[in-house]
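Beneath this line is the structure, given in structure tokens, with notes to follow.
The values are calculated or read from the model by the stated rules, or taken from the named source; none is laboratory data. Being a predicted model, the structure only gives us computed values, none of them experimental. Cβ sites come from the backbone with ideal geometry, for glycine too, and all protein chains shown count toward neighbours. The accessibility values were calculated without ligands, DNA or RNA, using every heavy atom of the protein model including side chains. Shrake-Rupley method; radii C 1.70, N 1.55, O 1.52, S 1.80 Å.
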Amino acid sequence: VGTDEGVVVGVDVGGSKVLAAEVRSDGVVVTTVAGVTPGADVDPGLVEDALTEAVEEVASGRRLAAVGLAAAGFVDALGERVMFAPHLPWRGDPVRARLQERWETPVALDNDANCAARAEIAFGVGRGASSVLMVTLGTGIGGAVVLGGEVQRGHNGMAGEFGHMQLVPDGHPCPCGLRGCWEQYCSGRALLRYARAGLGHRPTLLAELCLGDPDALTGPMITSAAEDGDLLAREAFEEVGGWLGIGVANLVAAFDPEVVIVAGGVSAAGDRLLDPARAALARALVGAAHRVVPPLVAARFGPEAGTVGAAELARRVVSRG
Ligand SMILES: [Zn+2]
């Protein structure tokens with residue numbers, strides 16, 4: 001990569017954090033700069049100032065070749081506007097054009113889950129596969145659909161919102177207003193609920209880790225207790241994994257992908273989560289005995305996925321001209 005080509009920067013605009021990175025054309029992250037997102041109740045200009053600061057710090061005086069933005073929110077079908085983001089102030093704002101004008105460099109925009117999928121199909125565990133599903137397990141569920149090698153964004157730009165598929169009629173209420181959504185059973189939040197439900201009923205390391213306060217329990221505590229052999233923690237992962245497999249079986253029935261990638265904080269548990277998910281997938285998938293059941297694999301990229309995918313998107317947009 002010659003310096004005269006300029007710097008390609010990927011920016012992950014999360015609900016609380018901004019992460020900007022210089023990303024090489026082979027997907028390697030060279031430098032990162034982290035900042036704080038000002039919040040949802042501020043002037044959008046303040047968020048754009050924070051992004052500008054992070055991008056300038058990464059570029060450190062060098063010419064910008066392109067910037068890709070991965071936003072934690074709904075991005076319209078054209079990749080122009082952030083329509084809604086629970087933790088950001090943009091409401092239909094033409095973010096792409098506005099920042100392109102401000103930074104005087106090509107800017108590309110997509111939501112964070114789609115950008116993470118772009119990182120995996122370009123440089124990660126989805127490389128070479130033409131049909132891929134990605135399920136991101138964080139507080140809730142995010143996702144992406146890749147068909148024919150292309151991320152499918154849908155008519156409204158809202159494809160891949162798997163977390164709100166209804167899996168349990170009249171089930172747990174969801175902040176989205178519906179009930180029984182997949183992410184109520186399979187997510188970081190669900191993992192905490194399962195673990196909390198067992199606290200106080202049986203001996204568990206978790207009681208010591210959270211000092212007896214169920215509200216103080218965190219996902220990483222459950223991961224670490226499961227590593228140390230705690231049965232309640234392991235069962236909480238089995239429960240989430242079981243629901244993961246059931247939801248994925250529905251998605252595989254619909255899309256018949258080559259591989260299913262599981263990303264997000266909860267996936268740090270690895271096979272402790274994925275093994276029960278694989279078993280549930282094989283049980284719940286239509287025609288499982290007569291087809292190749294797609295492998296369920298952990299993502300390669302962690303917290304940098306959004307920046308790598310956003311930079312890749314920006315490169316592609318620039319090279320298309
Ligand atoms: Zn929902």
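The table below gives the values:
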item: Segment Glu53-Ala282, extension gain: residue separation times 0.36 nm, minus the distance between their alpha carbons; result: 77.6 nm
item: Cα gyration tensor, the chain - rounded (a/c under 1.5), prolate or oblate; result: prolate
item: Residue-count net charge about Asp76 - beta-carbon cut-off 11 Å; Lys, Arg +1, Asp, Glu -1; result: 0
item: Distance between segment 34-91 and segment 274-297 - C-alpha centres, whole angstrom; result: 38
item: Estimated vicinal HN-Hα couplings, Hz - segment 293-301 in sequence order (Karplus 6.51, -1.76, 1.60; Gly, Pro = x); result: 6, x, x, 9, 10, 6, 4, 7, 8
item: Relative contact order for segment 190-321, counting Cα pairs under 8 Å that sit 6 or more residues apart, in percent; result: 23
item: Structure-based [θ]222 nm, the chain - -39500 (n - 2.57) summed over DSSP H runs of at least 4, per residue, nearest 500; result: -11500 deg cm²/dmol
item: Order by protection proxy (mean Cβ within 10 Å, highest first), peptides 117-129, 23-35; result: 117-129, 23-35
item: Normalised contact order of the chain, rounded percent, pairs of Cα under 8 Å and 6 or more residues apart; result: 21
item: Peptides 205-211, 141-147, 232-238, 57-63 ordered by average Cβ neighbours within 10 Å, highest first; result: 141-147, 232-238, 205-211, 57-63
item: Among 307-318, 271-282, the order from most to least packed when residues are scored by Cβ within 10 Å on average; result: 307-318, 271-282
item: Whole-number percent relative contact order across segment 153-215, with pairs defined as alpha carbons under 8 Å at least 6 apart; result: 18
item: Accessible area (Å², per residue) of segment 43-112, counting only protein heavy atoms and a probe of 1.4 Å; result: 44
